[in-house]
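The values are calculated or read from the model by the stated rules, or taken from the named source; none is laboratory data. Everything numeric here is computed off the predicted structure, so don't read it as measured data. Here Cβ is always computed from backbone atoms with ideal geometry, including for glycine, and neighbour counts include all displayed protein chains. Keep in mind that these areas ignore ligands, DNA and RNA; they rest on the heavy atoms of the full protein, side chains included. Shrake-Rupley method; radii C 1.70, N 1.55, O 1.52, S 1.80 Å.
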Amino acid sequence: MVVDPLAGVRYDERWDVSLGAAYGHIKAGPPPLEQGANLGGLDLSASYWLSKRWAVEGTGRGYLGTSGAGVNDLSIAGPFVSEYVFAGGPEWLGPHNKHGALMAHAMVGGAYGYFERDLRGNPPSAVEFFNNQLALAAVIGGHIDLNRSPRWVFRITPDAKYTRYSINYGNMATYPYWNFAISVGVEYKFKKKR
């Protein structure tokens, strides 16, 4: 007798939560800083389903790593930087069956960039970095879900991540950047049904 582990897959949960290992690319400073930072971290997301197709999703993401620095005479190279993103917005359930689903989301919120940690007391302008700050952020993308059981899902989340950091030195300008982010992890669907 063959047992189908996906026979009970339904898209009728009220809540779900996912946790994944995350990658995010950022720019730690405005031009002329050319080097970006490839950061690793965690992506924690949760959804509250309002109907069969629509949910409200929230995400909290933390990215940590090192970044290239601008030319300087302070012997500062590869300083540690971090970024924390918190956003929320609508989520849409696209094509789906018992094997998996495609979902789309568009979330808006904030990003806290911590850029001055390893500058040894020097101003961020010394290495062409942004100041530490809270900035506008948006996350646009979705999920690729592969069901492993009625409750457990293997999840891949590719996104375009928008941030709008500014500097408080020089031209005092604001710099909008679009960067790539992705996470890979698991999702759990709670029992309570709509």
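Tabulate in residue order the Karplus-calculated ³J(HN,Hα) for segment 73-89, using 6.51 cos²θ - 1.76 cosθ + 1.60 with θ = phi - 60°, rounded to whole Hz; enter x for Gly and Pro.
My calculation for segment 73-89 gives 9, 9, 6, 9, 9, x, x, 6, 9, 8, 9, 10, 10, 10, 8, x, x Hz in order.
What trypsin sites (Lys or Arg not before Pro) in segment 68-130 are in a loop by DSSP, with at most 13 other Cβ atoms within 10 Å of the Cβ?
Details: sites: LYS98, ARG117, ARG120; in loops: LYS98, ARG117, ARG120.
Those that pass, being in a loop and sparsely packed, are ARG117, ARG120.
Have a look at TYR84, TYR112, TYR169 and tell me which one the Gaussian network model of the chain (Cα, springs below 10 Å) gives the largest fluctuation.
TYR169
What whole-number volume per residue, in cubic angstrom, does the convex hull of the C-alpha atoms of segment 27-168 give? Numbers along the way, then the final one.
Working: hull volume 15.2 nm³, N = 142.
Per residue, the Cα convex hull of segment 27-168 comes to 107 Å³.
Among the trypsin sites (Lys or Arg not before Pro) within segment 1-73, which fall in a DSSP loop and have no more than 11 other Cβ atoms within 10 Å of their own Cβ? Kindly include the intermediate steps, with their values, before the conclusion.
Values: sites: ARG10, ARG14, LYS27, LYS52, ARG53, ARG61; in loops: ARG10, ARG14, LYS27, LYS52, ARG53.
Sites meeting the loop and neighbour criteria: ARG10, LYS52.
Can you pull the one-decimal nm distance between simple spin-label points at LYS98 and ILE140, each 7 Å off the Cα toward Cβ?
Reported label-point gap for LYS98 and ILE140 is 3.7 nm.
For ARG148 and ALA77, calculate 0.36 nm times their separation in residues minus their Cα-Cα distance, and state this gained length in nm to one decimal.
Working: separation 71, 0.36 × 71 = 25.56 nm, distance 4.41 nm.
That pair, ARG148 and ALA77, stretches by 21.1 nm at full extension.
Could you sort ASP12, ASP73 by accessible area so the largest value comes first, with the probe set to 1.4 Å? Please list the in-between numbers first.
Values: ASP12 50, ASP73 145 Å².
The ordering from most to least exposed comes out as ASP73, ASP12.
Over segment 1-135, what is the mean sequence separation of C-alpha contacts under 8 Å (at least six apart), divided by residue count, expressed as relative contact order in percent?
Values: 306 pairs, mean separation 28.2, N = 135.
Reported as a whole number, the value is 21 percent.
Quick check for you: with a 1.4 Å probe and neighbouring chains kept, what is the accessible area per residue of segment 70-164, in Å²?
44 Å²
Taking the Cα centroid of segment 65-96 and of segment 102-164, what is the distance between the two, rounded to the nearest whole Å?
Cα centres, segment 65-96 to segment 102-164: 6 Å.
At 1.4 Å probe size, put VAL184, VAL108 in order of accessible surface, largest to smallest. Don't jump to the answer; show the numbers that get you there.
Values: VAL184 65, VAL108 95 Å².
Reading off the accessible areas and sorting them downward yields VAL108, VAL184.
Please identify, among SER75, SER51, SER183, the residue showing maximal mean-square fluctuation in a Gaussian network model of the chain using a 10 angstrom Cα cutoff.
With Cα springs under 10 Å in the chain, the top fluctuation among SER75, SER51, SER183 is at SER75.
If you plug each phi of segment 174-181 into the Karplus form 6.51 cos²θ - 1.76 cosθ + 1.60 with θ = phi - 60°, what whole-Hz ³J(HN,Hα) values come out, in order, with x for Gly and Pro?
After applying 6.51 cos²θ - 1.76 cosθ + 1.60, I find 10, 10, x, 10, 9, 10, 8, 9 Hz.
Tell me the GluC sites (Glu not before Pro) within segment 1-73 that lie in a loop according to DSSP and have at most 12 other beta-carbon atoms within 10 Å. Could the numbers behind the result be given before it?
Details: sites: GLU13, GLU34, GLU57; in loops: GLU34.
Taking segment 1-73 and a limit of 12 other Cβ atoms within 10 Å, the loop GluC sites (Glu not before Pro) found are GLU34.
Pop out the carbon and sulfur fraction of the accessible area of the chain as a percent, whole number, probe 1.4 Å. Can you show the working numbers first?
Numbers: 6050 of 9490 Å².
The nonpolar share, carbon plus sulfur, comes to 64 percent.
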